[in-house]
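Here the structure is laid out as structure tokens; the discussion comes afterwards.
The values are calculated or read from the model by the stated rules, or taken from the named source; none is laboratory data. What you are looking at is a predicted structure, and each value in this text was computed from that prediction instead of being measured. Heads up, the Cβs are rebuilt from the backbone with ideal geometry, glycines too, and the neighbour counts pull from every protein chain shown. Quick note on the areas: whole protein, heavy atoms, side chains included, nothing else; ligands and nucleic acids left out. Shrake-Rupley method; radii C 1.70, N 1.55, O 1.52, S 1.80 Å.
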Amino acid sequence: MNPIFADVPTSVFEVMSRLARETGAVNLGQGFPDDPGPEDVRRKAAEAVVAGWNQYPPMMGLPELRQAIAAHYRHWQSLDLDSDSEVMVTSGATEALAGALLALLEPGDEVVLFEPMYDAYLPLVRRAGGVPRFVTLEPPHFRLSEEALTGAFSEKTKVVLFNNPLNPTATVFGAEDLALLAEFCVRFDAIAVCDEVWEHVVFDGRRHRPLIGFPGMRERTVKIGSAGKIFNLTGWKVGLVCAAPRLMKVLAKAHQYITFTTPPNLQAAVAYGLTKDDAYFEGLRADLQRSRDRFTGGLKDLGFAVIPSQATYFLNIDIAPLGEADDAAFCRRLVVEHGVAAIPVSAFYAAGAVRNVVRFCFAKRDATLDAALERLAGIMRKAA
Ligand SMILES: Cc1ncc(COP(=O)(O)O)c(C=O)c1O
């Protein structure tokens, strides 16, 4: 068996979810909403299952969806994409990431990764033959620096795997950081694989800025989105991939031999959803922002040190002020003794560099968040 997968331990998400099930805890670990998601988009999918085409759709995705993706990004991110040669649909962002790494890397190529990072990145990079080079981001701002990038880039850098907005930190890289990264990609002739699945889930009036829009990046960026995140339907696994034709030709080959296609009915519903007006997307954000504020306020009232959440379904707390130095042990206690599942952020670092940050998913109903807060009060009483 291949040791890269055989030796990967059970993920912390699974461990926490199992403990949550066994103990009847409120599960704020894994990142999915407990709301069923927008009814109109779900109805479109249902109609397409009953009355639509349920055989293999075109390999690159339904033309109507590829056109909707190009129009959507033109409107929201001022990008000019040709739906025929620069847009592809995959089975989730995860397939797009795996496909991009398989398509672009040769054994021994270096890949710049930013810790904390999404758990799939490292095994996928390694399995594709890439050699990871890490940039470690530090709480509470998790920013890039010239010094850190200089230490990670080299003549062997082929790919930069960049997640913005960033899960698990719930931060958004600003224009200065993005321009700096673009400069390094150009200088080292690297391809940026940009995981932008959280592009719509940004708060406080923020607008997502895609790296592909920065000078020198148009021809060297693979932009990856996820309809599951855009519409709060995380199980749908419909990925949106944009890249210049030179890159797209190779990405399409990988997709052809991994999944080949993605369910046509879900594609039809996503095409419908992407053309909704601004108010629709602003409404989805506003709902999540309200949940973020409710949970942030509740945690602060209890005395927790909340690291502000700018994006994603997540917010983090700093447990150092509680005298805690081991986030994993804290999370185990939290779920077993206090009935709330959360995720230790050290799990997102290859070497576990940061041990004082804990992540909660706030994309939940008010009653779920309030039940969690009631239980979290217990740990504060104990600490007092
Ligand atoms: C950073 C990041 N990338 C990728 C994914 C997976 O996206 P999908 O469900 O479309 O495969 C997630 C899901 O949480 C994520 O947070």
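Here are some notes:
- Length-normalised contact order for the chain - Cα pairs under 8 Å, 6+ apart - percent: 25 percent
- Mean residue ellipticity, 222 nm, helices only, the chain: the sum of -39500 (n - 2.57) across DSSP H runs of n ≥ 4, divided by residue count and rounded to 500, is -13500 deg cm²/dmol.
- With 10 Å bins from 0: P(r) over the range 261-384, alpha-carbon pairs, percent: 12, 37, 26, 16, 8, 0
- The loop-placed trypsin sites (Lys or Arg not before Pro) in the range 200-240, going by DSSP, that have at most 11 neighbouring Cβ atoms within 10 Å of their Cβ come out as Arg207.
- Accessible surface of the range 50-117, 1.4 Å probe, proportion on carbon and sulfur as whole %: 54 percent
- Helix 264-274 vs. the chain, principal-axis angle (Cα, 0 to 90°, nearest 10): 80 degrees
- Summarising the amide proton neighbourhood of Thr90: residues at separation of 5 or more, or on other chains, whose placed amide H is nearer than 5 Å comprise Gly239, Leu240, Val241.
- For the chain, fraction of C-alpha pairs farther apart than 29 Å, in %: 43 percent
- Toward the positive end of the charge dipole of the chain, with +1 on the Cβ of Lys and Arg and -1 on the Cβ of Asp and Glu, the farthest Cα among Gly205, Pro38, Ala305 is that of Pro38.
- Computed over the range 280-323, the ratio Rg/Rh where both radii use C-alpha atoms and Rh is Kirkwood: 1.06
- Normalised by 2.2 N^0.38 Å, with N the number of residues, the alpha-carbon radius of gyration of the range 82-156 equals 1.27.
- Folded to 0 to 90 degrees: helix 175-187 orientation relative to the chain principal axis, Cα: 50 degrees
- With contacts taken as Cα pairs under 8 Å and at least 6 residues apart, the range 1-112 reaches a relative contact order of 14 percent.
- Accessible surface calculations at 1.4 Å, restricted to protein heavy atoms, place the range 91-181 at 36 Å² per residue.
- Sparsely packed GluC sites (Glu not before Pro) within the range 168-240, loop by DSSP, other Cβ within 10 Å at most 14: Glu219
- Computed on the Cα trace of the range 154-276, the radius of gyration divided by the Kirkwood hydrodynamic radius gives Rg/Rh = 0.98.
- Both radii were evaluated on the Cα set of the range 20-135; the Rg over Rh quotient, with Rh as the Kirkwood radius, amounts to 1.05.
- Residue-wise HN-Hα coupling along the range 189-206, computed from phi with Karplus coefficients 6.51, -1.76, 1.60 (Hz; x: Gly, Pro): 6, 9, 9, 9, 9, 9, 8, 10, 4, 9, 4, 8, 8, 10, 10, 6, x, 5
- Across the range 63-123, Cα pairs under 8 Å and at least six residues apart give a relative contact order of 23 percent.
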